[in-house]
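These notes concern the structure reproduced below.
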4 protein chains.
Amino acid sequence: MLKAAVLGATGNVGQIFVQLLDGHPWFEVTTVAASERSKGRTYNEASRWRQSTPIPEAVAQMEVVDIDSRAVKDVDIVFSALPSAVAGKVEEDFASAGYVVVSNASAHRMDPDVPMLNPEINCSHVSLIEEQRRKRKWDGAIVTNPNCSTTVLTLPLKPIFDEFGINSLIVSTMQAISGAGYPGVASLDIVDNVIPFIGGEENKMETETQKILGTASKPADFKVSSSCHRVSTIDGHMEAVFVETKKKAEPNAVAEAMENFVGEPQKLKLPSAPEKPVIVTWEKDRPQTRLDRMEGKGMSTVVGRIRKDPVLGGVKFIALGHNTIRGAAGCGILNAEYLKVKKFI
Amino acid sequence: MLKAAVLGATGNVGQIFVQLLDGHPWFEVTTVAASERSKGRTYNEASRWRQSTPIPEAVAQMEVVDIDSRAVKDVDIVFSALPSAVAGKVEEDFASAGYVVVSNASAHRMDPDVPMLNPEINCSHVSLIEEQRRKRKWDGAIVTNPNCSTTVLTLPLKPIFDEFGINSLIVSTMQAISGAGYPGVASLDIVDNVIPFIGGEENKMETETQKILGTASKPADFKVSSSCHRVSTIDGHMEAVFVETKKKAEPNAVAEAMENFVGEPQKLKLPSAPEKPVIVTWEKDRPQTRLDRMEGKGMSTVVGRIRKDPVLGGVKFIALGHNTIRGAAGCGILNAEYLKVKKFI
Amino acid sequence: MLKAAVLGATGNVGQIFVQLLDGHPWFEVTTVAASERSKGRTYNEASRWRQSTPIPEAVAQMEVVDIDSRAVKDVDIVFSALPSAVAGKVEEDFASAGYVVVSNASAHRMDPDVPMLNPEINCSHVSLIEEQRRKRKWDGAIVTNPNCSTTVLTLPLKPIFDEFGINSLIVSTMQAISGAGYPGVASLDIVDNVIPFIGGEENKMETETQKILGTASKPADFKVSSSCHRVSTIDGHMEAVFVETKKKAEPNAVAEAMENFVGEPQKLKLPSAPEKPVIVTWEKDRPQTRLDRMEGKGMSTVVGRIRKDPVLGGVKFIALGHNTIRGAAGCGILNAEYLKVKKFI
Amino acid sequence: MLKAAVLGATGNVGQIFVQLLDGHPWFEVTTVAASERSKGRTYNEASRWRQSTPIPEAVAQMEVVDIDSRAVKDVDIVFSALPSAVAGKVEEDFASAGYVVVSNASAHRMDPDVPMLNPEINCSHVSLIEEQRRKRKWDGAIVTNPNCSTTVLTLPLKPIFDEFGINSLIVSTMQAISGAGYPGVASLDIVDNVIPFIGGEENKMETETQKILGTASKPADFKVSSSCHRVSTIDGHMEAVFVETKKKAEPNAVAEAMENFVGEPQKLKLPSAPEKPVIVTWEKDRPQTRLDRMEGKGMSTVVGRIRKDPVLGGVKFIALGHNTIRGAAGCGILNAEYLKVKKFI
């Protein structure tokens, strides 16, 4: 078993890391680190555990340590669920101290020498680690996963991109409140309400999508326009996607491409890889957030209502994925599994 | 005072007609008609009044009559809040019996000789009444308002259309549960959920938008693509709109065009006309459904977040309007006011 | 494996029966029966499956049959999720045809010769089957589980009743929308709302509680007063309980009694028996509906905030249980397991 | 017009004070005070106005001043919407500086020499001001209104208390999120959830109810037991109340007492006094939070489902009132109106 530290372990994404790593065949949480406020308390006390599965017993009684590479000892991998404002410097310190940091934070995602992996799509980008180590003069590494809404979006885009090409795309999101962490969105802001703004999200969706679907050295050159909205759901980001393809793309052919799509995680049978990265539903009113977000144990994007788009000339469809599993901790763990198999850890 | 009948008076939109007509300076509800089930009961008993203002006293004790032109006597105007399946034939019967029917139902909206009025935009389409009477050989008339989501959308489109031209547009909606009537959407379908499908809605948005922004005889020739979603809000349809303009349209110029926009209802000072059909907000996270749906007494569309759209090359923005007021009964009443001023009633 | 029929299999509780029986070690669903409307369609088509786990493959393709003892062949046990209006006569027919009917319907619950089992509490009431068979002259049997809110309530009452005695109790409920079935509660009735009325529920809580905590022949003689309310939660009934005990009952002693409480299902290690029927939490703001309803796989009642009650002189506490699992299908299955072990099936 | 300062004007209750005082016939907001963070900004900037009516123009451009009796000049009355932790000392300073402080904060409510007025019930308690001034050696005064849930509860209790006597009562609440202020309750804590705990609330309901229904010098001696729960509603506290009366109280007689109940505010025709402090509804499923909270412009308690209580031997019923209007700012303003008429201001 590889020993893992979780940084920012008491927050919502940190808790999902702890939850998903409970019983993991390769990784074992041996260190939980969080901010000053939690230091010295047990994880159970500090985390105010808010998941609907019980707090893993082995972790519950651990003492929370500082988010400091000197306080974290004897671990083989570091998972970062830090807020971005903190993550930038801290993750560099850990990489500099020799750790492989698998991060959900946005701080380093767009750095040209940092892989941002949605591993079914672009795990070849791990090649950037070499450049990163050379330029930054460290033995560790920083590897990131994309923003939650981008992760959910790019899975079904990949087979379209490969088979039909993409010129441009427009996407409107209906995102769950868990995406804002805890306490996050105030209840007075979301009951009987929609908030048509999520700070930084539209820019992330537009730039991260290009980086993921590009090569390690060059972003894809299609245009992306997004509009991001917060709705009153617990988990699960729904997205209405309109795609202009390079080649004519009939809905049936697009569905077939999605259903046949598998990536390296499936071929390598990584423990957290869903059987199908994209699941296509044909029911007229699906996917629905509450009913479908756990498909593929929360690691698949469910696509429905694939139909012709009269404006962009390609297809439009609905995509749904679990924002804190596939869109955050689950994707990070899948990345770590890939890194292990490829001997980076 | 003109005497008004409300058909389908016990349903949700029927109740909004009764609510908005309470204290109206020109119209007075003197007849309430509903289906067999309600016949002979008082309106109070039959309606299970579900609005947050009290049931108007004058109407509460009226006996509900049949939805039949022979049962409705001595009225000057007929408001129809009938379900579309019923409305087609019934509204023809009333028009045939000489009544002017102002309808919220979709049954006749797309008939080429029936005006579908969002009156700030296309009240000149009332000219179709003449053709309608000639072809259908009746003295009455059917005049409709658009679908709720289309009404909200077309108000801000009109100033763009006039000043910059429109080549195409993409719109994703987040629609309130009241749009489905009562009982309508099951609570198990909407708590912690989004339903990415509303029967017939996308087709309505695409075709009705073209008819409203066209001339009386010819729909506008831009392309429209929509994706419609039901979210957990009581009232208020939010829409993320992406527009390809013919001429270059800077966000500031678009905002100015919207703010300056007025139509005939404003010029004629019709009682239900909002001061501004379109209200522009500059706060970064507005409009919000619960906070802004009652702007202009529920008769305005509130627009926010006007920004450049990198894909279609025009602008993208958020629009919000009240679906059962501007998008249904309120628009119908505004149409009736226009018809009265123009001597059709 | 015993072959099981589920009557009313397409409704919400019917679906939970099918879901919970999937992979059950003793019972296998071989027949699904539903109303006329569903007859001849596959279960997949007819059920519009609405659970967040996938529809069990083995059942998905079964043809739905009539709710008629002549249409149901070759089964060893019949689970009834029928609406009460239908259940009365149908369940008698099945019992008369020799089947053991394990029913969630209220129709026969209060019949003096029908056991209403919450099996940790009163499985000795199965003795009524003998009387039932003699009086009704049938070889089958009808065994019921209590109303959902009563099931959740009576688990923590039992250890209080046994150790301290109960003179009276007052309970106010906050019940989930799934308790009303599908479509059930209209969304316009529950978003930003509480409905302080559930038809028949208060009477059920008051009479069923007495029957369960009594002997097979005589209800318990304490008084019960309830007030039932519907709130906007998907699953999980929360109850604020105030108990007047016969003997002085300190909160700590009550908690200890609850924690030590086990019943026959635990002793017999029945497959669906939770390890603990009652789980006591000491966190100041728990149990919470969404976070705690799945404790004990949805088969436990979670109790929190046990404190002295200054009015009744005993204790007050919060109880929470899963209404469609422990409160309906799960309790029915646990009853069936007990009946099998006791050779009634 | 009397000039009014609002302390804590940017918070949720502060905003309701500003909203309700807009257009008030006697009081005019001339000073808005808030914490350090807001100082020097306009009220519009500082408040992030979150009400569904527009921000009053006259107040929007005012500069926010310090919460300090030296910064507040030239006002005739001070309304306090301060958090309790701050209110204790600050309100004393203002009273000491000669101001009459009408406070919604809990800090001084239970002080024996501070009136806690729900004015239909106990406005005679203003006599405590004399004692307060004497003991505290100040010219000003502190007058409070009760906690929101207590205000709603005590209105219907008063006619029962007067006509039938009260020995004890049990109450379970279902309270709106606005009661916790803004940001207050995290959305992850309330969507698809109930929280069975509100810090300090149960103690407040139990002690404040006794003080209000007692004389100025002595609390009423009946016992109160409460259980407080937060549910997913925006505004409106619902309460399930069980009352043990001294004299036999038939539901019809209780309803009649409630309907006939008026207090000093009605007799004095105070501007904010509702026509009826208690409105009785006979519909079987009312009052409902969203539909009935604005009865009496949010100043009445609506009571429904009055029925016999088999445990306490009196009656049980449902009470609903608007927590930020009747339960906070509206009650404060009504108190101020009474104080003005009685020449305390």
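Throughout, read-outs are computed from the coordinates displayed, never taken from laboratory work. All of these numbers come straight from a predicted model, not from anything done at the bench. Cβ sites come from the backbone with ideal geometry, for glycine too, and all protein chains shown count toward neighbours.
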(message) Looking at chain B as a GNM with Cα springs under 10 Å, which of B:Ile195, B:Ile129, B:Ile77 has the largest mean-square fluctuation?
(response) B:Ile195
(request) About the Cα centre of region B:206-345, how large is the charge dipole given +1 on each Lys and Arg Cβ and -1 on each Asp and Glu Cβ? Please answer in debye to the nearest 20. (result) 240
(request) Can you pull a Stokes-Einstein diffusion coefficient for the protein assembly as shown at 4 °C (1.567 mPa s), Rh from Kirkwood over Cα pairs, as a whole number of µm²/s? (result) 38
(request) For A:Glu250, put the label point 7 Å out on the Cα→Cβ axis and report which residues of region A:154-196 keep their amide N under 20 Å from it. (result) A:159-166
(request) Using the Kyte-Doolittle scale, find the helices of chain D whose mean hydropathy is at least 0.5 and whose Cα atoms extend 20 Å or more along the helix's long axis, counting only whole DSSP H runs. (result) D:148-163
(request) Between chains C and B there is a rotation axis; tell me the chain C residue with the nearest beta carbon and how many whole Å away it sits. (result) C:Ser187, 2
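Per residue and in cubic angstrom, what volume does the convex hull of the Cα atoms of region A:22-78 have? Intermediate results must be reported in sequence, preceding the final value.
Working: hull volume 5.0 nm³, N = 57.
Hull volume normalised by residue count: 87 Å³.
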(message) Using a Förster radius of 41 Å, what is the FRET efficiency between D:Lys297 and D:Lys135 based on their Cβ-Cβ separation? Nearest 0.05, please.
(response) 0.65
(message) How far apart, in nanometres, would the label points at B:Ser52 and C:Arg307 be if each is projected 7 angstrom from Cα along the Cα-to-Cβ direction?
(response) 3.1
(request) Quick one: order C:His237, C:His24 by neighbouring beta-carbon count within 10 Å, fewest to most. (result) C:His24, C:His237
(message) If neighbour count is taken as other Cβ atoms inside 10 Å, put B:Glu163, D:Glu120, B:Glu259, C:Glu57 in order from fewest to most.
(response) C:Glu57, B:Glu259, B:Glu163, D:Glu120
(message) Going 7 Å from Cα along the Cα-Cβ axis for the label, what nanometre distances separate D:Phe344 from the same residue across the other copies?
(response) 6.0, 6.6, 7.0
(message) Run the helix sum for chain D: -39,500 (n - 2.57) per DSSP H stretch of 4+ residues, divided by residue count, reported at 222 nm to the nearest 500 deg cm²/dmol.
(response) -8500 deg cm²/dmol
(request) With springs connecting C-alpha atoms under 10 Å apart, model chain C as a Gaussian network and identify which of C:Leu169, C:Leu334, C:Leu153 has the largest mean-square fluctuation. (result) C:Leu169
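What FRET efficiency would be calculated for the residue pair B:Asn203, C:Glu45, taking the C-beta separation as r and a Förster radius of 25 Å, to the nearest 0.05?
For R0 = 25 Å, the calculated efficiency reads 0.50.
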(request) May I ask what percent, to the nearest 5, of DSSP beta bridges between residues of region B:148-322 are antiparallel? (result) 65
(message) To check you understand DSSP bridge types, tell me what percent of the beta bridges within chain A (both residues inside) are antiparallel, rounded to 5.
(response) 40
(request) Could you please rank A:Met1, C:Met110, D:Met205, placing first whichever residue has the fewest other Cβ atoms within 10 Å of its Cβ? (result) A:Met1, C:Met110, D:Met205
(request) Once the label point is placed 7 Å from Cα along Cβ, list for D:Ala71 the distances to the corresponding points in the other copies, in nm, shortest first. (result) 3.6, 6.6, 7.5
(message) Can you give me the distance in nm between label points at B:Glu259 and D:Leu268, each placed 7 Å from the Cα along the Cα-to-Cβ direction?
(response) 4.6
(request) State to the nearest 20 debye the size of the charge dipole of the protein assembly as shown about its Cα centre, where the only charges are +1 on K and R beta carbons and -1 on D and E beta carbons. (result) 0
(request) May I ask you to report, in nm to one decimal and beginning with the shortest, the distances from C:Asn203 to the same position in the other copies, taking label points 7 Å along Cα-to-Cβ? (result) 4.3, 4.7, 6.4
(request) Restrict the search to region B:18-72; then list the trypsin sites (Lys or Arg not before Pro) that DSSP places in a loop and that have at most 10 other Cβ atoms within 10 Å of their Cβ. (result) B:Arg70
(message) For a 30 Å ceiling on Cα separation, which of these pairs sit above it: A:Lys223/B:Lys248; D:Lys223/D:Lys276; A:Lys204/B:Lys211; A:Lys204/A:Lys247; B:Lys135/B:Lys247?
(response) A:Lys204/B:Lys211; B:Lys135/B:Lys247
